[in-house]
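Structure, as structure tokens:
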Amino acid sequence: MKLVVAALLIGILYLLQKRVYKKYWNKNLTCDLEFDRDYMECGDHGVLLETVTNDKFLPLPVFHLKFSVDRSFHFLDMVNASVTDNYHKNEAFTLPGHTKVTRKLDFEATKRGVYEITNATVLVKDFFLSTTFADSISRKDSIYVFPEKIDSSNFKVLFQGLMGEMEARRSIVDDELTFRGLRSYQPFDCYRSINWKQSAKARNLMVNLYGYSMNTEVELLLNLDTDSMIETNALLEESISIVSSLCRAFLLKKVSVGLMTNGLGREEKVLPAIGAGGELAHARTIDQQLAEIKSSSGKDSFLKLLDEKVKKPDVSKLYLLVSAYHKPDLLERMDSLKKAGCGVQMIVPYYDAFPYKAEREYIQGWEVILGA
């Protein structure tokens, strides 16, 4: 008789707790998955924060937190984790009532892109471990991983050459804020430079001498098509890294930089051109766009963008093209910009197994090791 009563009580308890868990298991239960920053450089280390709060009296005896992120994130903690097409994490612990649990997962970002936490779900079992309750997590985070920066000796030589080109081309105008002295008037001097007060004292026309300011602006042109049929992705990633590195280097030298590309973003739309900016923070704007690139809108799309530049050339700019593709249809357009008086430079990434010989004086090759 006692066994029957005990079994009956256990059955009632089981049904009662099952009903309670079904109704209240996710009440005041919050789960946040977020990165410790909004963006980071490729190769940097970051932290993924897991914060779980059970703000009610009812304990959760078995709590599972599952999520996935891109496999290019190398996590130091591989406990309860696996790597297939993505990195999959399955945290399991007991969550008492009115408890907050925070865990930190250290990782290294090894690849450019914009990444989100996906497949985030929570699984909870009741007190008897017989029923599983599940729900998805809507509050998920994303992070920008900026392109890898190039800091080799070859890059430094390349950049110094580009700065030399700019010094030779940049327009020099008087800066009336920096007075340097006086000299006698010459026929080619403009009348507004005459210092009438000093001319009266000297009984001879005298003109003011000023220092110089230099107007500088670089428009980076990034073409994401290539002549190569082998490992094209490596050439394109190198092209993106070159553009990102040049942008940062120019801005550190107080040179204004803009960007135009035929890259497609996350919504499969051509990314908009970015106007010139001279502040170092402008590098973040450009890096964010470069991080978003998923594919290319094609060679013809880029040639149309170049046609717009040819129609309205800006002789005050240096047009700096980075493109593994270097066939005549593209070079003819760059030739037209040069003939119009614009500054033109081009960098062609190529594989070491297929040596490249520059076809124009404004072209420089950039060797990429095949299979590296």
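The values are calculated or read from the model by the stated rules, or taken from the named source; none is laboratory data. Just so you know, these numbers come straight off a predicted model, no measurement behind them. Methodologically, a virtual Cβ is constructed for each residue, glycine included, from the backbone with ideal geometry; neighbour enumeration extends over all protein chains shown. Just so you know, the surface numbers come from the protein's heavy atoms only, side chains and all, with ligands and any DNA or RNA stripped out. Shrake-Rupley method; radii C 1.70, N 1.55, O 1.52, S 1.80 Å.
The table below lists the values:
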| item | result |
| --- | --- |
| Pairs, first without any contact (Cβ under 8 Å) to a residue 60 or more places away in the chain in the stretch 236-247, second not in a helix (DSSP H, G or I), C-beta under 9 Å, six or more apart | Cys247/Val218; Cys247/Leu220; Cys247/Val257; Cys247/Leu259 |
| Single match in Leu235, Leu290, Leu259 (criterion: open to solvent by less than 10 Å² (accessible area, probe 1.4 Å), touching a helix residue (DSSP H, G or I) at 6+ places or on another chain (Cβ under 8 Å), part of a helix (DSSP H, G or I) and among the aliphatic types (A, V, I, L, M)) | Leu290 |
| Tally of residues being more than 18 Å from Phe133 (Cβ to Cβ), within 59 Å of the chain's Cα centre (by Cα) and not aliphatic (A, V, I, L, M) across the stretch 1-19 | 1 |
| Filtered residues of the stretch 1-15 (kept if open to solvent by 100 Å² or more (accessible area, probe 1.4 Å) and assigned to a helix (DSSP H, G or I)) | Lys2, Leu3, Leu8, Leu9, Leu15 |
| Residue within the stretch 115-127 that is farther than 29 Å from Val62 by Cβ, in contact with a strand residue (DSSP E or B) (Cβ under 9 Å, 6 or more places away or on another chain) and surrounded by 12 or more Cβ atoms within 10 Å (Cβ to Cβ) present | yes |
| Hits in the stretch 110-133 (condition: among the basic types (Lys, Arg) and in contact with a helix residue (DSSP H, G or I) (Cβ under 8 Å, 6 or more places away or on another chain)) | Arg112 |
| Which numbered condition Leu105 misses (of (1) farther than 24 Å from Asp38 by Cα; (2) open to solvent by less than 60 Å² (accessible area, probe 1.4 Å)) | (1) |
| Any chance Ser142 is out of contact with any strand residue (DSSP E or B) (no Cβ under 6 Å at 6 or more places or on another chain), open to solvent by 20 Å² or more (accessible area, probe 1.4 Å) and hydroxyl-bearing (Ser, Thr, Tyr) | no |
| Residue within the stretch 82-89 that is closer than 22 Å to Val145 by Cα, of a type in the set (Asp, Glu) and open to solvent by 80 Å² or more (accessible area, probe 1.4 Å) present | yes |
| Enumeration of residues in the stretch 29-61 that are part of a loop (DSSP other than H, G, I, E, B), more than 23 Å from Thr94 (Cα to Cα) and open to solvent by 40 Å² or more (accessible area, probe 1.4 Å) | Asp36, Arg37, Asp38, Asp44 |
| Unmet criterion (only one of (1) open to solvent by 60 Å² or more (accessible area, probe 1.4 Å); (2) closer than 24 Å to Ala168 by Cβ) for Met334 | (1) |
| Test set (1) under 30 Å from Ala168 (Cα atoms); (2) open to solvent by less than 40 Å² (accessible area, probe 1.4 Å); (3) touching a residue at least 24 places away in the same chain (Cβ under 8 Å) - Ile274 fails condition number | (3) |
| Flag for Val322 being part of a loop (DSSP other than H, G, I, E, B), out of contact with any Phe, Trp or Tyr (no Cβ under 8 Å at 6 or more places or on another chain) and aliphatic (A, V, I, L, M) | no |
| Any hit, the stretch 153-165, residues being surrounded by 13 or more Cβ atoms within 10 Å (Cβ to Cβ) and touching an Asp or Glu at 6+ places or on another chain (Cβ under 7 Å) | no |
| Residues satisfying the stated conditions in the stretch 324-372, i.e. among the hydrophobic types (A, V, I, L, M, F, W, C), in contact (Cβ under 8 Å) with a residue 40 or more places away in the chain and closer than 23 Å to Asn154 by Cβ | Ala324, Ile347, Phe354, Trp366, Val368, Leu370, Ala372 |
| Gly371 vs. criteria open to solvent by 10 Å² or more (accessible area, probe 1.4 Å), at pLDDT below 95 and more than 25 Å from Gln160 (Cβ to Cβ) | yes |
| Restricting the stretch 268-282 to residues that are assigned to a loop (DSSP other than H, G, I, E, B) and in contact with a Lys or Arg (Cβ under 9 Å, 6 or more places away or on another chain), the residue that is farthest from Val255 (Cα to Cα) | Glu268 |
